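One structure below.
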Amino acid sequence: MAYFLGLDSSTQSLSALVIDTTERRVVLDEAVNFGRDLPSYNSPHGVLPNADPRVCHSDPLMWVEALDLLLTRVKEQGFDWSKVSGISGAGQQHGSVFLKVPVADAGAWSAARPLVEQLRPLLSVATSPMWMDSSTASECAEIAAAVGGRARVLSLTGSNPIERFTGPQIRKVWKTQPAAYQATREIHLVSSFMASLLAGTSAAIDLGDGAGMNLLDLRSGRWDHHLLDATAPGLSERLRPPVASETQVGTIARYFVERYGFRAGTPIIAFSGDNPSSLVGMGAIEPGMRLISLGTSDTVFAAMDGPRTDPNGFGHVFGNPAGGFMSLICFTNGSLAREQVAQRFGLDWSAFASAISETRPGNRGNLMLPFFSTETTPRLLEAGVELFGSPEFVAWQRPAEAVRAVLEAQALNMRKHSDWIGHAPRQLVLTGGASRNAGIQRVIADVFHTPVRVLSIGNASALGGALRAAHAVGNLSWGDLFEAFVALDPNVRVEPDASTRSAYAALSDAFDEKLAQRLSRTN
Ligand code: ADP
Ligand code: XUL
């Protein structure tokens, strides 16, 4: 028997998935939801409220407390943590944690007190900027100007300077909270922070997630010193050198051995970003598969042969945790936009899905620009939903058409901005909280004119962590691991309906036109 644990500290929850590689099955799949289970953090969707809609931060102590809560809950269910032979995991990308004492210098965690109490005094900045934040446009411009322009940043790091990326966010902390920045001795991504908690030492950032900071030279795999200097003074002293994703960053801290019964010496493998981890959890480490994650954000991603950048400047190149690179495009208006439409009409997810069979592809020309919040693809720093079409639709009096409109617009926006990834895929494989919604699957299949599938194990990011631990610690090959744990669900096979092509050609033209008008007005 060999158990491997994958953790995923995502936007709205912390989940744990354990695989048994001998029996080739999942033996644990459990999660703590930040909004429901930790209401005192006042973050129903994992994000703190803010008067400025561009500012999105989270309380890092919420992630710490979630870890203790999750491990306690699973232990109380009778699960034996000592069976776990290796641990890895993932975090929502780009978010940053600022510490005045490096974890390595903080001394061993005391098993007598909850971790959250021991972390509180280590924070130099109380709240963590996270990926939904779009408040750093001026910092992006300043960084670009200092290193010779946006194109230079794109060619070095695989991404234009992007508001939610960690470098611009660090620069904003330096500018707006100079004393807190001065007091900071170590900066983590959510992924390396979670790994550091478990290891009780300072875990390095991996190349997969590190590529989402506007700081990493993709080709050398090292921080770029011009970008570090352009971002904030003394930044190189506050970041450990990045490491390959399979690197062991420590062994489990005594705290977890004494409190939960983990086996002393259990290796911790570097954590990665949730999207790079999902690439592994979907068995897609070689180019060829096209993946869509429908979580809080929607993302389209794929493994790639080399670091080819998006000519339109919206996409990113991240590290593939199995080596090489991956492409990714992120859409901020994902599940929370769908939730807003559902809530407006009091629809549960099953009624939301049914709205698709009650309406027609192309939505009789009714169209929505679904930017309930600011958007990263395309770049829109002002939120705003616009409806076009029949008077009833425009007056929000047609619930089913509104549902179809948000889904069609999201799918058209994804299709339009994912062209650069390369050849039309044979199929699209979905993951994330919304991926099992039949209405969403139908619209994506028709808009992309491509079959849609889902995987039998849905929690791809946590599974990716468990598989990475099994690969690094258990010496199991990717091929064997994917054969055992990654299979398309035979019950979900959504074929595109060819008769919808002309309706979507027309709607796509209308969408492009309205979007172009909006962009020319606002940017
Ligand atoms: P994250 O990893 O970003 O925290 P998840 O992948 O867990 O997010 O997805 C959470 C989201 O999934 C919720 O915001 C919710 O809107 C959405 N969701 C959950 N179930 C459904 C469903 N049946 N249909 C559509 N959306 C769903
Ligand atoms: C990717 C991105 C989001 C977060 C949260 O660039 O910002 O997908 O990783 O899931």
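Filter segment 412-434 for residues that are surrounded by 22 or more Cβ atoms within 10 Å (Cβ to Cβ) and within 15 Å of ligand 1 (Cβ to nearest atom) and give the result.
Residues satisfying the conditions are Val429, Leu430, Thr431, Gly432, Ala434.
Residue by residue through segment 310-335, note down the ones that are touching a helix residue (DSSP H, G or I) at 6+ places or on another chain (Cβ under 8 Å), outside any strand (DSSP E or B) and not hydrophobic (A, V, I, L, M, F, W, C).
Residues satisfying the conditions are Asp310, Pro311, Asn312, Gly313, Gly315, Asn320, Pro321, Asn333, Gly334.
Which of the residues belonging to segment 103-118 are of a type outside the set (Lys, Arg) and either over 15 Å from Phe256 (Cα atoms) or free of Cβ contacts under 8 Å to residues at least 40 places away in the same chain (or both)?
Val103, Ala104, Asp105, Ala106, Gly107, Ala112, Glu117, Gln118
Among Ala351, Ala342, which is touching a helix residue (DSSP H, G or I) at 6+ places or on another chain (Cβ under 9 Å), closer than 28 Å to Ala51 by Cα, within 16 Å of ligand 1 (Cβ to nearest atom) and at pLDDT 95 or above? Break it down stepwise before answering.
Values: Ala351 fails: closer than 28 Å to Ala51 by Cα.
When all the criteria are applied, what remains is Ala342.
Which numbered condition trips up Leu455, out of (1) within 16 Å of ligand 1 (Cβ to nearest atom); (2) surrounded by 19 or more Cβ atoms within 10 Å (Cβ to Cβ); (3) more than 30 Å from Ala270 (Cα to Cα)?
So Leu455 meets the others, but not (3).
Having 3 or more residues that are more than 20 Å from Leu17 (Cα to Cα) is the bar; report the helices (runs of 4 or more DSSP H) wholly within segment 422-503 that clear it.
Output list reads 438-448.
Cβ-Cβ below 9 Å, separation at least six or inter-chain, first residue in segment 423-442 and among the hydrophobic types (A, V, I, L, M, F, W, C), second part of a strand (DSSP E or B) and near ligand 1 (Cβ under 8 Å from one of its atoms): which pairs?
Matching pairs, first to second residue: Leu430/Ser293; Leu430/Leu294; Ala434/Leu294; Ile440/Leu294.
Examine segment 258-272 for a residue that is within 16 Å of ligand 1 (Cβ to nearest atom) and either aromatic (Phe, Trp, Tyr) or not in a helix (DSSP H, G or I) (or both), and state whether such a residue exists. Before the answer, list the steps.
To start, the set of residues in segment 258-272 that are within 16 Å of ligand 1 (Cβ to nearest atom) comprises 271-272.
From what is left, the residues that are either aromatic (Phe, Trp, Tyr) or not in a helix (DSSP H, G or I) (or both) are 271-272.
Yes, some residue in segment 258-272 is within 16 Å of ligand 1 (Cβ to nearest atom) and either aromatic (Phe, Trp, Tyr) or not in a helix (DSSP H, G or I) (or both).
Select from segment 403-456 the residues that are within 20 Å of Cys330 (Cβ to Cβ) and modelled with pLDDT under 95 and list them in ascending order.
Across segment 403-456, the qualifying residues are Asp419, Trp420, Ile421, Gly422, Pro425.
So, of the residues in segment 289-307 that are over 30 Å from Val47 (Cα atoms) and either in contact with a Lys or Arg (Cβ under 7 Å, 6 or more places away or on another chain) or touching a residue at least 60 places away in the same chain (Cβ under 8 Å) (or both), which turns out to be farthest from ligand 2 (Cβ to nearest atom)?
Filtering segment 289-307 down to residues over 30 Å from Val47 (Cα atoms) leaves 289, 304-307.
In the following step, the residues that additionally are either in contact with a Lys or Arg (Cβ under 7 Å, 6 or more places away or on another chain) or touching a residue at least 60 places away in the same chain (Cβ under 8 Å) (or both) were identified as 289, 304, 307.
Working: Met289: 18, Met304: 15, Pro307: 16 Å.
Only one residue fits best here, namely Met289.
Please go through segment 257-288 and pick out each residue that is within 30 Å of Cys56 (Cα to Cα) and either basic (Lys, Arg) or within 14 Å of ligand 2 (Cβ to nearest atom) (or both).
Phe271, Ser272, Gly273, Asp274, Asn275, Pro276, Ser277, Ser278, Leu279, Gly281
Can you name every residue in segment 119-133 that is free of Cβ contacts under 8 Å to residues at least 24 places away in the same chain and surrounded by fewer than 17 Cβ atoms within 10 Å (Cβ to Cβ)?
Taking segment 119-133 as the starting set, the residues that turn out to be free of Cβ contacts under 8 Å to residues at least 24 places away in the same chain are 121-122.
Hit for segment 119-133 is Pro121, nothing else.
Quick check on segment 230-239. Is at least one of its residues crowded, with 18+ Cβ neighbours inside 10 Å, over 24 Å from the mean Cα position of the chain (by Cα) and not in a helix (DSSP H, G or I)?
For segment 230-239, residues crowded, with 18+ Cβ neighbours inside 10 Å, over 24 Å from the mean Cα position of the chain (by Cα) and not in a helix (DSSP H, G or I): present.
If I ask for residues that are among the polar types (S, T, N, Q) and closer than 18 Å to Asp298 by Cα, which ones from segment 428-484 would you list?
If the condition is that a residue be among the polar types (S, T, N, Q) and closer than 18 Å to Asp298 by Cα, then Thr431, Ser435, Asn437, Gln441, Thr450, Asn459, Ser461 are the ones that fit.
What do you reckon, is Glu286 assigned to a loop (DSSP other than H, G, I, E, B) and not β-branched (Val, Ile, Thr)?
Here the answer is yes, as Glu286 does meet what is asked.
Among the residues of segment 246-285, which ones are farther than 15 Å from Leu5 by Cβ, crowded, with 24+ Cβ neighbours inside 10 Å and hydroxyl-bearing (Ser, Thr, Tyr)?
Across segment 246-285, the qualifying residue is only Ser278.
Which condition does Phe345 not pass, out of (1) within 29 Å of Arg150 (Cα to Cα); (2) surrounded by fewer than 21 Cβ atoms within 10 Å (Cβ to Cβ); (3) not hydroxyl-bearing (Ser, Thr, Tyr), if it passes all the others?
(1)
Among what's in segment 22-64 and is in a loop (DSSP other than H, G, I, E, B) and crowded, with 23+ Cβ neighbours inside 10 Å, pick the residue that is nearest to ligand 1 (Cβ to nearest atom).
Per the criteria, the residue is Gly46.
Here is a list: Thr166, Thr136. Which entry is within 16 Å of ligand 2 (Cβ to nearest atom), in the same structural domain as Arg222 (by TED's automatic domain parsing) and free of Cβ contacts under 8 Å to residues at least 60 places away in the same chain?
It is Thr136.
The values are calculated or read from the model by the stated rules, or taken from the named source; none is laboratory data. These numbers were taken from a predicted model, which means no experiment stands behind them. A quick note on method: Cβ atoms are made from the backbone with ideal geometry, for glycine too, and the neighbour counts reach across all protein chains shown.
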